[in-house]
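Trainee: Take a look at this one; I'll ask things after.
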Amino acid sequence: MDTFEPKIVAFLCNWCSYTGADLAGTSRMKYAHNIRIIRVMCSGRVDPTFVLKSFREGADGVLICGCHPGDCHYHEGNYKCLRRYEFIKRYLKQMGMDERRIRLEWISASEGKQFAELADEMTEQVAQLGPCKVRTVMENIT
Amino acid sequence: MEKEEKGKLKLAVYWGAACGGCCVSVLDVHEKLLDIVAVADLVFWPIALDIKYADVQQMPDASIDVCLFNGAIRNSENELMAVLLRQKSKILVAYGSCAHMGGIPGLANFSNRDALFKRVYMDSESTENPEHITPQPKYDVKEGELEIPAFYNDVQTLRDVVCVDYYIPGCPPQSERLLEVFQAIVSGAELPSKESVVGALDKSQCDECPRKKTDNKKVKQFFRPWEIEDDGETCFLEQGVICMGPATRGGCGARCIEGNAPCRGCYGPPPDVTDPGAKMMSAIATMIDSNDEDEINAILDDIEDIAGTFYRFSLPSSILRRKMIKKQLAEVE
Amino acid sequence: MKESRIGVYICWCGTNIAKMVDVEKVAEEIGKLEHVIVSRNYKYMCSDPGQELIVKDIKEHELDRVVVAACSPRIHELTFRKALENAGLNQYLFEMANIREHVSWVHSDKELATSKAADLVRAALKRVSYHEPLDKLSVDIDPATLIIGGGVAGMSAALRIAEAGKKVYLVEKEENLGGQAALIDLSFPYLNPVASFLQPLIEKLSHHKDVEVLCSATISDIKGYVGNFETEVSMNGSKKSLRFGHIIVATGLRAYDPTPMENYGYGRLKNVITSSEFEEVLHSGKIVTDDGQTPKNIAIIHCVGSRNNDYHAYCSRNCCATALKYANQLRSALPEAGIFELYADMRAFGKGCEELYAKTSEKDIMFLMFDPKRDLPEIKEAGKKDKCKMIISMKEQLSGEQIEVPADMVILMTAVEAREEAREVAHAAGISMCGNDFYIEKHPKLDPVATTTDGVFIVGACQGPKDIPESISQAWAASARVLAGICRGSVAVEMTTAVVNEEICCGCQTCVSVCPYTAITFDKEKNVSVVNEILCKGCGTCGSTCPTGAIRSRHFTDTQILSQIEGMLNEGKIKETEKIMEEL
């Protein structure tokens, strides 16, 4: 029996979380292969459209990582991301999706270990939720 | 039956899942209707003329010069007619919000057929239906087999089922805009590129909106329009009332705003936006004047129905075009 | 996907990538996709031959886009962009897929890693077709430099730059220059007086024609960008505006206050003092307890506030060598005293330090080891019958025995930690802090004095605990970088900024208050928002705020990112599942 391998799209901000993920790499920390990273300059660039599009294209989970509050390279971009995240969680819930499929976490440039752990944690959580059927439902008009 | 006059344009108006408002908007050109019929023959218009589907089937392909198709695609009849009219029309226009984006009928995508039927035919307060009879696509009577159109689970837009040449947005489109489009066609002017939105501006409502706007777009609390003492001048967003204006094309003359009601988004998205609901949600979220998770959530509690508010007219054309419903999920492999 | 001619290069990175990702397979698979004109795999793409490969292909095959799948773009994006420039192609028509730091180095299943790598390359492929050529803007560099912090690092940098004939503003929070080093009597390992090199340094700076020393001064915010910064300095109630082209942050660290560590009784027991307080004692020339007596027994406790998850988890670097220094100084001053070094590990690395350790252990010093993570020594007031003021109970690790150490004076080797204004300064200068609140360098190995903010450098202890020679080395390294910039006279600024499409902007003004750099203003006449390209730092927040789609975050546009998502999640043939409005 095939075990379900979720696909998780992750938006990481260049200065903190992407660098943190790089650090996980240079430290050779092993984590789940299911994460696919897209680099943005700031988590404040993450538009809800990207999140919706990810699910629509078949992602089972979406992860957004930004700098810790107070540490954003662009001052407050991460807070704007936080506001949009809370908003979109509610929207997703209303649309019948499990809000555990989207997650926002703060990862700093030195938190390679935390990123690796987060990747594993989220992969497991989403695996438990099962495949996200958004794409299939959207592509099959009944 | 109209006598075919050479040189006259052939015009058709059809309604899918609609309220009739778009047809009324055509009539709302008032006496200018006489100018229209002077240069065009109305060859098909169920609300006004007794021309049958069979008559349309008889028409040569691409013989209808312009067909204004309003209403969404709710059932198999709507789809059938969309396909037929596409075949018979040179120019097929998605007329009005429903054909353009799904419109109000599109909100049924929060539900599905079974749930809708249950509510309408069994659970509604004035219904007595102890045998749980609901419409069936086929039914045997002694005279034979009766068929009615199949009711789809998903409401779709016109372009989901056929190629659309132009969109005239609005709920309903403003009659003045319709006239402008009609003039353009009649005068033989060069038409805009295919799949354009016509009869609307490229800029959003805010450009036309008479209210005063500042850069103070920070909201600590959201209100329903009736919960504030509207001063009639200040931008609705700055007063904490959700207005879809920024994400909605202009061209309607900001008529809701002129009536002191916030824009609801019926004219659809500006040119560079595919999902106006998502864009507006992002803008509104950014306006929340707080960086604290709990406070942000308390402010969001003020917005009763996020999906309904931001996708009032555009649900079937949005990225998540319908709600994921458990039973439906179980049916999908 | 837009019509393009794309060259794809999958790097082996020696075995770093190739060991875990089947690079040949990926290159082959990608080569079958539409718009891919060449698809190669090569051992070291960043090498000269690797780059020449790209240049050659661009010319021969008339490529208009390039994708390189290799290490992190943070390492070599600039390298490959230069290659494109050399071939006559705009450097922004390039995208990297990170298949080393994010794939080969972190996964252990070759098949899964290869599949993920292919996904990432497809994402890059789809995205790059929507990249647009962007020009770089050249800005002049103001030859003045701002140095925040007048400690040994800040002063060393200041002197270097001033001696090259360039103006320096040296801003110091305290009344006097000197920082932490000024508190130190002798330096380890050779026990030279710090004042002997510090005082002349302070003198030179105070009288140098190109150095403006501003003491009792604070900075709240720095505006601008590399080559063109400005700020307002507050000094004793008055304000002064400064303009400068580079910033060197040298704010250092402060000593940890061990009051929360109840086991040590600092603040409660009079003769428990910190290392900083002991330096004062050494400066005074008399080593006496609070009642003026000469101590018969002195204990020096290491790792106070360091190497323990309840306080600071990191090692403060200098304390071991300093403690050995104290043991030597105490032995010289008090030949008969009992001197105890309560240590966790003896970290006496660096030139001359092992020798110092060896020398110290011959001076009748008792070394007692404790566990800094679980079993900290406890200091109590001694009883009347004890012949000392305090008793230290500890579990000695080498013998495994619980012992009691007599002490009339205890010196706590306190940790170093971030200063309380560290965050404020970081914000002002536009730099980031790590979990320990030290400032983050651009690259720990390859670029330890630069930061990710162009024109801003970090030197000395503020970047992490270090000693005087290291601080000075960093200071001189940063000054060399600054002087190089000043010498060039101008710097290219990336134009990956936001731009407003005035034909779409409806004037809702939602974006104006969103920009952290106040780069967006509203043009009342035209009824549109306008972005100042120079102030804009390209964060993209306005792009995702704008409800009309009028603001485009160049090089991170909606179309580019949405296509990346599509490419990542659709295997095989890249198909358009949604209609994305093509941007001009």
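Trainee: So if I check each of B:CYS235, B:CYS163, which one is loosely packed, with under 13 Cβ neighbours inside 10 Å and at pLDDT 95 or above?
Mentor: B:CYS163
Conditions (1) in contact with a helix residue (DSSP H, G or I) (Cβ under 6 Å, 6 or more places away or on another chain); (2) basic (Lys, Arg); (3) under 22 Å from C:ASN192 (Cα atoms); (4) modelled with pLDDT of 95 or more, marked per residue:
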residue: C:LEU342; (1), (2), (3), (4): no, no, no, yes
residue: C:ILE365; (1), (2), (3), (4): yes, no, yes, yes
residue: C:GLU378; (1), (2), (3), (4): yes, no, no, yes
residue: C:ILE392; (1), (2), (3), (4): no, no, no, yes
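Trainee: May I pose another question? Within the bounds of segment B:256-266, is there any residue that is facing chain C (nearest Cβ under 8 Å), within 24 Å of B:TYR167 (Cβ to Cβ) and either open to solvent by 20 Å² or more (accessible area, probe 1.4 Å) or outside any helix (DSSP H, G or I) (or both)?
Mentor: No, every residue in segment B:256-266 fails to be facing chain C (nearest Cβ under 8 Å), within 24 Å of B:TYR167 (Cβ to Cβ) and either open to solvent by 20 Å² or more (accessible area, probe 1.4 Å) or outside any helix (DSSP H, G or I) (or both).
Trainee: Out of B:GLU227, B:GLU195, B:GLU238, B:GLU233, report the one residue that is within 14 Å of another protein chain (Cβ to nearest Cβ), closer than 20 Å to B:ALA261 by Cβ and not hydrophobic (A, V, I, L, M, F, W, C).
Mentor: B:GLU238 is the lone residue from the list that is within 14 Å of another protein chain (Cβ to nearest Cβ), closer than 20 Å to B:ALA261 by Cβ and not hydrophobic (A, V, I, L, M, F, W, C).
Trainee: Given (1) without any contact (Cβ under 8 Å) to a residue 24 or more places away in the chain; (2) of a type outside the set (Gly, Ala, Ser); (3) within 15 Å of C:ILE472 (Cβ to Cβ), where does C:GLU203 come up short, assuming only one miss?
Mentor: (3)
Trainee: Every residue in segment B:123-146 that is among the small types (Gly, Ala, Ser) and in a strand (DSSP E or B), please.
Mentor: B:GLY144
Rundown of residues vs (1) open to solvent by less than 10 Å² (accessible area, probe 1.4 Å); (2) under 22 Å from the mean Cα position of the chain (by Cα); (3) in contact (Cβ under 8 Å) with a residue 60 or more places away in the chain; (4) in the same structural domain as B:PRO169 (by TED's automatic domain parsing), yes/no style:
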| position | (1), (2), (3), (4) |
| --- | --- |
| B:ILE288 | yes, no, yes, no |
| B:ASN291 | no, no, no, no |
| B:ASP294 | no, no, no, no |
| B:PRO316 | yes, yes, yes, no |
| B:ARG321 | no, yes, yes, no |
| B:MET324 | no, yes, no, no |
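Trainee: So, one more: For segment A:19-34, which residues satisfy the criterion of being open to solvent by less than 10 Å² (accessible area, probe 1.4 Å) and more than 7 Å from every other protein chain (Cβ to nearest Cβ)?
Mentor: If the condition is that a residue be open to solvent by less than 10 Å² (accessible area, probe 1.4 Å) and more than 7 Å from every other protein chain (Cβ to nearest Cβ), then A:GLY20, A:ASN34 are the ones that fit.
Trainee: From the residues in segment B:287-317 that are more than 17 Å from A:GLY77 (Cβ to Cβ) and of a type in the set (Ser, Thr, Tyr), which one is farthest from the other protein chains (Cβ to nearest Cβ)? Walk me through it before giving the result.
Mentor: Taking segment B:287-317 as the starting set, the residues that turn out to be more than 17 Å from A:GLY77 (Cβ to Cβ) are B:294-295, B:297-317.
Still in the list and also of a type in the set (Ser, Thr, Tyr): B:309, B:311, B:314, B:317.
Details: B:THR309: 10, B:TYR311: 9, B:SER314: 13, B:SER317: 11 Å.
Ranking the candidates gives B:SER314 first.
Trainee: Do we have any residue at all in segment A:26-44 that's more than 24 Å from C:VAL128 (Cα to Cα), charged (D, E, K, R) and within 12 Å of the chain's Cα centre (by Cα)?
Mentor: Checking segment A:26-44: not a single residue is more than 24 Å from C:VAL128 (Cα to Cα), charged (D, E, K, R) and within 12 Å of the chain's Cα centre (by Cα).
Trainee: Please return the ranges of strands (runs of 3 or more DSSP E) entirely within segment C:453-514 where 2 or more residues are β-branched (Val, Ile, Thr), away from chain B (no Cβ under 14 Å) and within 23 Å of C:ASN228 (Cα to Cα).
Mentor: C:456-458, C:490-493
Trainee: Then there is this: Picking from A:GLY96, A:GLY70, A:GLY66, which residue would you name as being closer than 23 Å to C:TYR517 by Cβ and free of Cβ contacts under 8 Å to residues at least 12 places away in the same chain?
Mentor: A:GLY70
Trainee: While we're looking at this one, here's another question. Out of segment C:153-193, which residues are touching a Leu at 6+ places or on another chain (Cβ under 7 Å) and β-branched (Val, Ile, Thr)?
Mentor: Once the filter is applied, which keeps residues that are touching a Leu at 6+ places or on another chain (Cβ under 7 Å) and β-branched (Val, Ile, Thr), segment C:153-193 yields C:ILE161, C:VAL171.
Trainee: Further question on the same structure: Can you find, within segment C:516-538, the residue that is most open to solvent (accessible area, probe 1.4 Å) among those that are within 7 Å of another protein chain (Cβ to nearest Cβ) and in contact with a strand residue (DSSP E or B) (Cβ under 8 Å, 6 or more places away or on another chain)? Step through it out loud before you land on a result.
Mentor: Here is the first cut: in segment C:516-538, the residues within 7 Å of another protein chain (Cβ to nearest Cβ) are C:516, C:522, C:527, C:537-538.
Subsequent filtering for residues that are in contact with a strand residue (DSSP E or B) (Cβ under 8 Å, 6 or more places away or on another chain) retains C:516, C:522, C:537-538.
Details: C:PRO516: 43, C:PHE522: 47, C:LYS537: 72, C:GLY538: 11 Å².
My answer is C:LYS537.
Trainee: Determine the pairs where a residue that is of a type in the set (D, E, K, R), located within segment A:112-124, has a partner that is modelled with pLDDT of 95 or more and not in a helix (DSSP H, G or I) with Cβ atoms under 7 Å apart, the partner being 6 or more residues away or on another chain.
Mentor: From segment A:112-124, the pairs are A:LYS113/A:MET29; A:ASP120/A:TYR31; A:ASP120/A:ALA32.
Trainee: Within segment A:50-85, track down each residue that is buried (at least 24 other Cβ atoms within 10 Å of the Cβ) and assigned to a strand (DSSP E or B).
Mentor: Selection gives A:GLY61, A:VAL62, A:LEU63, A:ILE64, A:CYS65, A:GLY66, A:CYS72.
Trainee: For segment C:459-499: of the residues being open to solvent by 20 Å² or more (accessible area, probe 1.4 Å) and within 30 Å of B:ASP207 (Cβ to Cβ), which is nearest to the chain's Cα centre (by Cα)?
Mentor: Of everything passing the filter in segment C:459-499, C:THR496 is nearest to the chain's Cα centre (by Cα).
Trainee: May I pose another question? Among the residues of segment C:153-174, is there at least one that is crowded, with 21+ Cβ neighbours inside 10 Å, in contact with a Gly (Cβ under 6 Å, 6 or more places away or on another chain), at pLDDT 95 or above and assigned to a helix (DSSP H, G or I)?
Mentor: Within segment C:153-174, one or more residues are crowded, with 21+ Cβ neighbours inside 10 Å, in contact with a Gly (Cβ under 6 Å, 6 or more places away or on another chain), at pLDDT 95 or above and assigned to a helix (DSSP H, G or I).
Trainee: Filter segment B:49-78 down to residues that are touching a strand residue (DSSP E or B) at 6+ places or on another chain (Cβ under 7 Å) and more than 21 Å from B:VAL164 (Cβ to Cβ) and give me whichever is least open to solvent (accessible area, probe 1.4 Å).
Mentor: Looking at the filtered set, the residue picked out is B:ILE51.
Listed here are the residues, each with its yes/no results for (1) within 24 Å of C:THR15 (Cα to Cα); (2) within 14 Å of chain A (Cβ to nearest Cβ); (3) surrounded by 24 or more Cβ atoms within 10 Å (Cβ to Cβ).
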site: C:GLN51; (1), (2), (3): yes, no, no
site: C:LYS56; (1), (2), (3): no, no, no
site: C:LEU63; (1), (2), (3): no, no, no
site: C:ALA69; (1), (2), (3): yes, yes, yes
site: C:THR79; (1), (2), (3): yes, no, no
site: C:GLU85; (1), (2), (3): no, no, no
site: C:ARG100; (1), (2), (3): yes, yes, yes
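Trainee: Might you check whether a residue that is more than 14 Å from every other protein chain (Cβ to nearest Cβ) and touching a Ser or Thr at 6+ places or on another chain (Cβ under 9 Å) occurs anywhere in segment C:424-439?
Mentor: No.
Trainee: Same structure, new question: Before we move on, is B:ILE284 at the interface with another protein chain (Cβ under 8 Å from one of its Cβ atoms) and crowded, with 19+ Cβ neighbours inside 10 Å?
Mentor: Yes, satisfied.
Trainee: Please go through segment A:89-104 and give me each residue that is over 12 Å from the mean Cα position of the chain (by Cα), aliphatic (A, V, I, L, M) and more than 7 Å from chain B (Cβ to nearest Cβ), ordered by number.
Mentor: A:LEU92
The values are calculated or read from the model by the stated rules, or taken from the named source; none is laboratory data. These numbers come from a predicted model, not from an experiment. Neighbour counts run over all protein chains shown; Cβ positions are idealised from the backbone, glycine included. For accessibility, only protein heavy atoms count, side chains too; no ligands or nucleic acids. Shrake-Rupley method; radii C 1.70, N 1.55, O 1.52, S 1.80 Å.
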